[in-house]
1. Along its principal axes, what span do the Cα atoms of region A:432-545 show, with the longest given first and each in whole Å?
2. Over region B:21-62, with a single point scatterer placed on each C-alpha, what log10 of the ratio I(q)/I(0) does the Debye formula yield at q = 0.21, 0.28, 0.30, 0.31 1/Å?
3. Could you work out how much longer the chain between A:LEU408 and A:ARG589 gets when fully extended? Use 0.36 nm per residue separation minus the Cα distance between them, nm to one decimal.
4. Compute the FRET efficiency between A:ARG713 and A:TRP753 as 1/(1 + (r/R0)^6), taking r as their Cβ-Cβ distance and R0 = 45 Å, and round to the nearest 0.05.
5. For region A:564-610, what is the convex hull volume of the alpha-carbon atoms per residue, in Å³?
6. Based on the Cα atoms of region A:277-384, what semi-axes does the equivalent ellipsoid have, where each is the square root of 5 times one gyration tensor eigenvalue, given in whole Å with the largest first?
7. Longest segment of chain A with no GluC sites (Glu not before Pro) in a DSSP loop having at most 13 other Cβ atoms within 10 Å?
8. Kindly write out, for region A:571-579 in residue order, the coupling ³J(HN,Hα) from the Karplus curve 6.51 cos²θ - 1.76 cosθ + 1.60 (θ = phi - 60°), rounded to whole Hz, with x marking Gly and Pro.
Amino acid sequence: MLQSPVVISVSFCYLALLFAVAYWGDKRADQGRSVIANPTIYALSMAVYCTTWTYYGSVGRAAVSGVGFLPIYLGPTLVMALGGFLILKMIRTAKANRITSIADFIASRYGKSQLLGGLVTIIAVIGIVPYIALQLKAVSGSYDLIVGYPALIAPKEGGQPVFADTTFYIALILAAFTILFGTRHLDATERHEGMVAAIALESVVKLAAFGAVGLFVTYGLYGGIGDIFQRAMAEPQLAKLTAVAAENRNYATWFSLTFLAGLAILFLPRQFQVTVVENVSEAHLKRAIWLFPLYLLLINLFVLPIALGGLMQFAGQGIDADTFVLTLPMSAQQEVLALFVFVGGLSAATGMVIVETIALSTMVCNDLVMPLLLRTKALALQRERDLSGLLLAIRRGAIVVILLLGYLYFRLAGDAYALVGIGLISFSAVAQFAPAMIGGMYWRGGTRDGALAGLLAGFAVWTYTLLLPSFAKSGWLPASFLAEGPFGFEMLKPQHLFGLTGLDEISHCLFWSFGANITTYIVVSLLRSPTAAEASQATQFVDALKTTRPVGSALWRGSADPAELIALVGRFLGPQRAEDAFATYARRRGVADVKRLEADADLVHHAESLLTGAIGSASARAMVASVAKEEPLSLPEVMNILDEASQLRTYSRELERKSRELEAATSELKAANDRLLEVDRLKDDFMASVSHELRTPLTSIRAFSEILRDDPRTALPERERFLGIIVSETERLTRLVNQILDMAKIESGNVEWRVEDVDLKAVVEQSAAATSQLFHDKGVTLTLDLPPAVAAVRADRDRLMQVVINLLSNAVKFAPAQAGRVVVSLAQVPDGLSVTVADNGPGIRREDQEVIFERFRQGGDSLTGKPTGTGLGLPISRKIVEYFGGRLWVESEPGVGAAFIFVLPLENSRNGTPQ
Amino acid sequence: MQRSSLSGQRLVLIFMLGSFLFNYPLLSLFDRARTLFDAPLVFVYLFAVWAALIALMAWVVERPERPERGGN
């Protein structure tokens with residue numbers, strides 16, 4: 001089933017599926033129901049990082065260098081950890097300035113320089129075209145291989161004419177697809193929702209395919225990962241592959257590759273496209289920070305097992321390790337799996353080619369072609385009415401040209417060295433953007449000249465130490481160029497510059513190119529102070545994460561005609577879309593009609609940012625300048641504006657702080673007020689309770705007194721009984737008044753406490769003696785369970801006695817007559833001395849156990865029929881115990897009895913009294 | 001004034017930790033001819049550290065954050 005018609009139709013079906021997904025994604029985006037507004041899809045789209053170089057090449061690399069393929073994925077993992085700062089800043093800057101490519105980013109940062117944008121574009125194209133060639137080679141190679149089934153080595157192709165070469169058609173098909181995906185219409189923000197959806201799907205397909213072949217090799221051909229490793233380590237040739245520092249590899253290479261890959265994940269045009277330009281929401285970055293590294297881990301898990309398995313399976317058969325992913329299932333007659341693997345490889349290639357080419361075409365159009373066209377008066381562009389069609393045509397042309405360049409490189413290089421190492425060579429090329437990018441985001445002093453010089457220096461060194469040697473190895477330059485240096489200058493040998501040895505070619509290039517790049521960037525930047533344009537852009541970039549920063553419009557002064565501005569934008573975006581955009585803007589400003597818009601700095605800025613999305617920041621600046629009469633700001637003026645802005649920032653921060661303090665003060669006041677209200681309420685409650693408690697005995701005294709007064713014939717025994725009641729009620733009144741006074745004194749802190757060393761044992765004994773009559777009267781047994789001696793506590797003896805007596809009289813009150821038993825025990829506990837008074841009365845319901853400690857609240861009313869106390873004894877006791885740092889509480893099981901327990905601390909009693 | 005600066009700082013810490021664990025000299029300690037779970041030690045070490053870093057990153061960014069003051 002692996003004949004070419006089947007393979008071709010499966011491939012086309014797959015591409016059609018991708019296109020359907022992209023079409024659906026775009027449709028949904030137009031309806032405002034974005035499918036890619038999802039953090040998982042965002043993370044998956046980042047996996048466009050994994051190209052065929054990963055898919056086929058990792059195994060090839062692992063077959064030569066063992067775990068040496070891993071740094072390419074460890075670097076991105078580490079950099080994603082910095083994503084919270086670095087990528088967030090890139091995204092926010094790009095959104096604020098409508099930046100749509102990495103060239104635009106750099107150009108915009110350094111004063112919207114067309115020259116800089118052009119240079120970045122050229123470097124990117126030169127660096128990336130070979131990488132695209134690599135994808136073409138992988139697709140055509142895997143196609144030749146799979147249709148040659150059951151043979152495991154593709155026939156050598158050579159010298160067939162272009163029109164008979166499958167790779168040529170692959171390039172054309174990919175170009176057509178990329179045009180369909182990326183440039184169906186012109187978007188001011190250069191976002192491609194459908195494309196991202198398709199890329200996310202491709203990421204899933206390539207991971208699934210690679211995982212499938214990994215599982216097949218590991219568990220189908222061998223008995224698991226352990227089995228593969230054990231067999232491989234039995235062969236000395238293979239055992240070496242499992243170490244990092246074997247043979248010609250060392251830790252310096254390892255570090256260089258990690259570093260390089262970490263930069264690539266930020267600065268490869270396709271990564272910038274999916275990570276920054278296509279980002280829907282900053283919040284999505286959170287999941288990508290860990291999900292994308294997880295994807296990388298999963299796709300690499302089986303690389304080494306497949307490589308070792310292939311090396312053992314095909315020992316001595318001369319099969320290229322780059323093809324193991326495909327040839328292993330083929331050799332095992334797993335045709336379906338082989339086809340799936342081929343589709344996975346196709347995913348890896350098409351994903352990379354589509355995104356990379358779209359990103360490059362945007363750069364070529366905005367930063368290379370448009371500036372040139374706009375300068376050429378002969379083309380009369382300035383008078384052309386609608387240029388949006390031209391923009392699309394340029395981009396489509398750029399896509400075709402880039403892919404044909406890729407094909408050309410592939411034809412020229414063929415199987416030469418230049419293709420094999422190209423992944424890392426590309427990485428090193430885009431890494432040259434790092435100083436200008438990162439420096440630009442964090443250092444205000446970087447200037448256009450510095451960035452230009454740094455980029456040129458780095459690019460020149462890269463060309464000399466990496467690109468030219470790769471040409472030499474491919475035979476395009478004499479081999480003596482490498483071995484003896486140009487014209488025999490030993491010191492200038494490209495891969496041992498100035499006699500530097502001991503580094504591999506990548507580390508060597510990285511060292512020299514970064515050295516040259518960074519040094520030149522800083523030195524040239526420091527030669528002069530930034531111009532007004534540079535300083536204002538620097539602030540926009542460096543302060544991108546600050547809460548308040550000067551908007552671009554603050555840094556523009558001049559006059560313009562709104563109608564001209566709208567016409568200008570219309571020429572690039574299409575008149576209809578320009579009008580819509582300005583109508584939206586007018587509504588936001590609260591102006592009913594577009595024609596009534598004021599031609600202020602804000603409007604000009606808005607027009608410029610609309611144009612920036614379509615033609616890049618540098619060209620947009622030039623176009624706006626052509627219709628607006630701008631009064632250039634001098635550097636001191638810019639500095640003044642920026643200073644004002646930063647002063648404003650300080651003021652607003654100060655204001656924020658003040659309002660926070662005010663808020664805190666308000667809430668404190670509110671809490672205090674609440675407390676006061678509560679106290680007031682408590683006081684009212686207290687007064688009500690007191691009056692009520694006083695009225696009860698008073699009423700009965702008055703009632704009996706009236707009986708005695710009004711009815712002189714009352715019998716003597718009756719009189720005595722009534723007088724007895726009157727006396728006892730009077731006593732109760734006295735007790736009540738005393739206790740209220742007592743309570744009030746304690747609460748107001750007016751009690752004079754006589755603090756001394758108190759023997760709690762003696763207190764308990766004396767209290768028991770004082771209440772013995774009560775027990776005797778009611779027939780309740782009192783048992784004392786006291787240790788021979790206890791340490792003294794610091795307290796007021798009389799007050800403690802009051803507490804114990806109160807507890808004892810409560811206990812006897814509730815204990816049943818005759819059968820009642822009350823046990824008083826004294827014991828040493830971890831936090832002091834505890835006194836327990838337990839009775840076998842009716843107990844206290846759980847919900848009442850806290851209530852009885854409140855004033856005038858008595859438990860068990862319903863059980864005893866009428867209040868038998870003042871309702872102040874327990875609250876006073878608790879206050880006393882708490883005054884000496886102790887606790888008083890009750891433990892009770894209803895029906896079984898109640899135990900009142902108080903604990904007084906021993907240690908605290910030494911520190912004198914509280915208060 | 002960085003938003004959620006605490007998790008940002010934690011991520012930087014993870015970056016430094018990872019850079020440290022993935023490079024010489026620490027890496028060389030595990031670059032030995034030994035096996036763990038039938039696989040070469042360095043292979044197991046790299047993937048284990050890698051997985052642990054990813055788990056840490058996920059933990060740091062996905063924890064529900066305390067509500068912070070508005071603004072961006």
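Read-outs throughout are calculated quantities, based only on the coordinates presented, and are distinct from any laboratory measurement. Predicted model only: the values in this text are computed from it and were never measured. Glycine gets a Cβ as well: all are built from the backbone with ideal geometry, and neighbour counts include every protein chain shown.
1. 50, 26, 26
2. For region B:21-62 at q = 0.21, 0.28, 0.30, 0.31 Å⁻¹, log10 I(q)/I(0) is -0.68, -0.91, -0.97, -1.00.
3. Extending this stretch completely gives an extra 59.9 nm.
4. With a Förster radius of 45 Å, E is 0.25.
5. Enclosed volume per residue, from the Cα hull, is 63 Å³.
6. Over the Cα atoms of region A:277-384, the ellipsoid semi-axes are 44, 22, 12 Å.
7. Formally, the longest exposed-site-free interval is A:1-246.
8. Per-residue couplings from phi come out as 5, 9, 9, x, x, 4, 5, 5, 5 Hz.
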